[in-house]
Amino acid sequence: MNRSECPRSGHGRGLLFVLLSVLLLTLGLAACSNPEKAKAGHLQRGEQYFKDKKYPEAALEYRNALQIDDKLAAAHWGLAQTYEKQNNFISAVSELQQTVALDQNNADAAVRLGNYYIAGYQSNHDKKLKDEAQRLAEQVLQRDPKHIEGHILKATVLYAGGERDKALAELKTAVDLDPQRIESMMSLARYYVQEHDNANAETIFKRALSLNDRSALAHTQYGFFHAQQGHLEQAEAEFRKAIEVEPDDRDARRTLASFYLSNKQLDKAEAAFKDLAALDKDRPEGQAVLADYYAIVGRVDEALPIYQAIIAKSPDYTQARYQLGELLLQRGDLKGAQEQADAVLTKTQNDMGALKLRARVAMQQGLAKQATEDLAQVLKQDPREQIALYLMTQAQLGAGQLEQARSYAGDLDKYHPDYLPGKLLQAQLNLRAGGEANFKSAQRASTDLLERLSKTTPGGQISPALLTELRAKAYTARGAATLQLGNAAAARADFQAARDTSPNAPEVYVNLAGIALAENKPQEAEQLYDRTLQIDGTNLDALGGLINLYTKVQQFDKAQARIDQAIAAQPKNDATKTASASLHFLKAQIYGIQQDVNGAQTELQRALELDPNNAAALTALAALYINTKDPQKAIDQYRQVIARPPDTDDAGALALIGMVEDGRNNRDAAVTAYKDALTRNPEATIGAIAGNNLAWDYAEYGKGNLDEGVRLAQGVVQKFPDEPGYADTLGWVYFKKGLYSAAVEQLQKAVNQTKARGGDSPLYRLHLGHALVGMGRTQEARQQLQQAISIGTEKKSLTNEQLDDARQALAKL
């Protein structure tokens, strides 16, 4: 306690006040003068709470002790063990590190930390972790050559390094140090199991049981051995024997319950989980056991009230809040899930579980930026965190940032190669890449994942909600790939399976609506879009689909009303500005179809007020001004934006000036504006537009160096590999440089990506035809040029000059 925190005496107005002041002063000075006594009291109470399995109370006492003395190794050690009991393993490791640093004689803490390190190494193969585990094992054994767990840790390190004979020698040493110790024998038996030496493994199990037939650990491990051999009756008998000899052993009861669950014996599993919960019926952890079981088997209505009761009684028990939030999210109750995350973050702003939950809520709302910010906080604390890497990849995919998504997916695969969500990401990335080969790869990867998921039960890093999400997304990925490969009936079946798996996920109804449209069932599509909006009132895919349906039959009032309803429902805060801007852009599109220029201009300007770098709105507004023969008005307006402080929006305004100048064939002014935009903000989305357009002007109009044009276009394609327009520009720059093979690769990609989206571009085909001519591939060139002329004429999407160009090129073949 700081001296300034101690109470001071003052003048009282009455005898009672004076006496109370003296008493308080005396108590205060006693506390201030005895920090050691206060510290010892907190430590003692923490140890008692821990012994009584009151882990939240124990953690509080240990933290109170550390507030007095943050170098108190015993408190860090107690807190580490408490966190372990609460399954908060990252915090446990942190406390173990503090313990070992402060008390090098605490061999038990060093061994436990070493075991965490070697487990991490086995998961992600980071050699530093193995080296640190080895250092700790050697340090423990140097101080105490007879430390049994030290030898077992060293054996684990040796085995992980491939030195199996040495590992076996260390395990035998551990057993010899205390031939009666069951734990050592179990380590030796597990070694033989890993080596597929079942005969020696069984010998050790039987030896252990002959020494102590009352050991729950020995019976449990022998049960695992039988289960691995497929001897399920013997396994069950051993698990039940473990409970019989030690009825209060929670691990034994949990093992039996999980055994029944994994073998789909749900009645027995429920009874076993109830028995386990009864051991701690007055503790949140005990009741959570039963709630977790109900969540795993999909009995959500029974799980929810248990979690809610736990939180009402123990509001600081965060694990129940995580689980409740996930279930609410699964049911489409985004507000309820958000409340659970916020309740935790209000007290602990960097809580990783709550940050991940809040990120998932944001992703459901289409708020990719908000989700990535939360996930970045998680990955800052633990760059290898599995679920955070998975979610971050999903968020980047949702935001259209394919390269960033690939980077995070690469990290996930690097650190966790067997992690099932990573398999989903590979399917999704193949799907995004487009092309028949990639679609088939996505289809195969999704099928393989679904087979694996059918054999997977929740646990560890795969929560019940995540398992459900994976199944739904795997069906969705396979359905999308199957649809692209031309099998609409099979795609519908997969999308329906995704809906049945996750009935409150908006995207499943959007996908089914797409199938309905492909089958010319507009009424069914409308119903499906309506269902989407019941779940997510501002879902842009559903709103866009409805608008297309309404405008096709000229029900413009109905379309406008839908958008207005969504805008009114959107919360007015910074986090939703991007989504609101997209809604105003959709409304502008409706006005555009109605040829209401003033209405379209108003909505586009409103969209840009909310999101100044909204590329679609920027491009549309520039096109509007050009089409209305008033380009100077656009330029004057954008110049006002540039002059207005602060200049955060300068890049967007400058890029728009370039686009307008390009539209009126003022190429030099366009090039200057694009260069200025890239100088101001090259990383923004609008920077990609500026770079792409600048590269095009260099290639098409000779306004710059072609090598620089290649560099610019390559940079844009690397950031946005899914945009066919950017691939077309890069291909055309290659063509102008005479690099025909590279040109064909990019231009074919542009054509394929456009087809994958359900469209076609005669301009991309025209460019591809020219590049194929350059390579001497005459027959393929003729085919592309003919299709360019046919589509361009039918859809009036090529200018007369472009059509003449295509006809002249075709005539020369």
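The values are calculated or read from the model by the stated rules, or taken from the named source; none is laboratory data. In this text, all values refer to a predicted model and were calculated from it rather than measured experimentally. For neighbour counting, all protein chains shown are included, and Cβ atoms are generated from backbone atoms with ideal geometry for every residue, glycine included. Note: areas computed on protein heavy atoms with side chains; ligands, DNA, RNA excluded. Shrake-Rupley method; radii C 1.70, N 1.55, O 1.52, S 1.80 Å.
With a ≥ b ≥ c taken as the square roots of the eigenvalues of the C-alpha gyration tensor of segment 203-305, please select rounded if a/c is under 1.5 and otherwise prolate if a/b is larger than b/c or oblate if it is not?
Taking the square roots of the gyration eigenvalues as a ≥ b ≥ c, segment 203-305 is oblate.
Using the alpha-carbon atoms, what tilt in degrees (0 to 90, nearest 10) does helix 540-552 show relative to the longest principal axis of the chain?
Relative to the chain, helix 540-552 is tipped by roughly 30 degrees.
Could you work out what % of the accessible surface of the chain is carbon and sulfur, using a 1.4 angstrom probe and leaving DNA, RNA and ligands out of the count?
48
Please check which bits of segment 622-637 a label hung off Val597 would reach, taking the label as a point 7 Å along Cα-to-C-beta and the cut-off as backbone N under 13 Å.
It comes to 623-634, nothing else.
For Gln67 and Thr346, what is the calculated FRET efficiency with R₀ set at 22 Å and r taken between the beta-carbons, to the nearest 0.05?
In this case the efficiency is close to 0.60.
Please give the helix 352-364 orientation as an angle from the longest Cα principal axis of the chain, in degrees from 0 to 90, rounded to the nearest 10.
Between helix and principal axis, roughly 30 degrees.
Pop out the ³J(HN,Hα) list for segment 589-604 in order, Karplus 6.51 cos²θ - 1.76 cosθ + 1.60 with θ = phi - 60°, rounded to Hz; leave Gly and Pro as x.
Karplus values, whole Hz, x for Gly and Pro: 4, 5, 4, x, 5, 7, 6, 9, 5, 5, x, 5, 4, 4, 5, 5.
Want the number for Glu801 to Gln97: 0.36 nm per residue separation, take away the alpha-carbon distance, what's left?
246.2 nm
In square nanometres, what is the average projected area of the Cα convex hull of segment 140-272?
8.7
Just the accessible area for Glu609, please: 1.4 Å probe, Å², rounded to the nearest 10?
130
Dipole of the chain (Lys/Arg Cβ +1, Asp/Glu Cβ -1, origin at the Cα centre): which of Ala80, Gln330, Ser215 lies farthest to the positive side?
Gln330
Given H placed on each backbone N at 1.01 Å, which residues far from Gln594 in sequence or on other chains put an amide H within less than 5 Å of it?
For Gln594, no residues qualify.
Can you list the HN-Hα couplings for segment 505-517, worked out from phi with the Karplus curve (6.51, -1.76, 1.60; θ = phi - 60°), rounded to whole Hz and with x for Gly and Pro?
Result, ordered by residue: 8, x, 5, 5, 6, 4, 5, 5, 5, x, 5, 4, 5 Hz.
What distance in nm lies between label points placed 7 Å from Cα along the C-beta direction at Asp630 and Lys166?
Label-label distance for Asp630 and Lys166, simple model: 8.1 nm.
When a/c is below 1.5 the answer is rounded, else prolate if a/b is larger than b/c, else oblate, so apply that to segment 112-207 with a ≥ b ≥ c taken from the square roots of the Cα gyration tensor eigenvalues.
Here segment 112-207 falls in the oblate category.
By how many degrees, 0 to 90 and rounded to 10, does the Cα axis of helix 724-736 deviate from the longest principal axis of the chain?
Value to nearest ten degrees: 60.
In whole angstrom, how far apart do the alpha carbon centroids of segment 226-268 and segment 316-346 sit?
32
Nothing charged except the Cβ atoms of Lys and Arg (+1) and of Asp and Glu (-1): what's the magnitude of the dipole of segment 123-174 about its Cα centre? Round to the nearest 20 debye.
Dipole size: approximately 40 debye.
How much length is gained on full extension from Glu36 to Asp530, taking 0.36 nm per residue of separation minus their Cα-Cα distance?
Difference between extended and current length: 171.2 nm.
Grab the Cα-Cα distance for Gln555 and Asp251, subtract it from 0.36 nm times how many residues apart they are, and report the gain in nm with one decimal.
103.0 nm
Provide the packing ranking of 216-222, 593-599, i.e. peptides ordered by the mean count of other C-beta atoms within 10 Å per residue, highest first.
216-222, 593-599
For segment 221-373, compute Rh as the Kirkwood radius over C-alpha pairs and then the Stokes-Einstein diffusion coefficient at 37 °C and 0.692 mPa s; write the answer in µm²/s, rounded to an integer.
Calculated translational D: 193 µm²/s.
Can you compute the charge dipole magnitude of the chain about its Cα centre, using +1 on each Lys and Arg Cβ and -1 on each Asp and Glu Cβ, nothing else charged? Give it in debye, rounded to the nearest 20.
Approximately 520 debye in magnitude.
Based solely on its DSSP helices, what 222 nm [θ] is calculated for the chain when runs of n ≥ 4 H residues each add -39,500 (n - 2.57) and the sum is averaged over all residues, nearest 500 deg cm²/dmol?
-25500 deg cm²/dmol
Mind running the shape call on segment 511-571? Use the C-alpha gyration tensor, a ≥ b ≥ c as the square roots of the eigenvalues: rounded below 1.5 for a/c, prolate if a/b tops b/c, oblate otherwise.
oblate
Alpha carbon centre of segment 283-305 versus segment 705-720: separation in Å?
If you average the Cα positions of each part, the centres end up 55 Å apart.
Candidates (1) 0.99; (2) 0.96; (3) 1.05; which is the computed Rg/Rh (Cα atoms, Kirkwood Rh)?
(3)
Go through segment 729-808 and name the trypsin sites (Lys or Arg not before Pro) that are in a DSSP coil and have 16 or fewer other Cβ atoms within 10 Å of their Cβ.
Hits after loop and neighbour filter: Lys737, Arg757, Arg777, Lys796.
Using θ = phi - 60° and the Karplus curve 6.51 cos²θ - 1.76 cosθ + 1.60, what whole-Hz ³J(HN,Hα) does each residue of segment 653-661 get, with Gly and Pro shown as x?
Computed from phi, the couplings for segment 653-661 are 5, 5, 4, 5, 4, x, 5, 5, 5 Hz.
Taking Cα atoms of segment 317-458, Rg/Rh with Kirkwood Rh, to two decimals?
0.99
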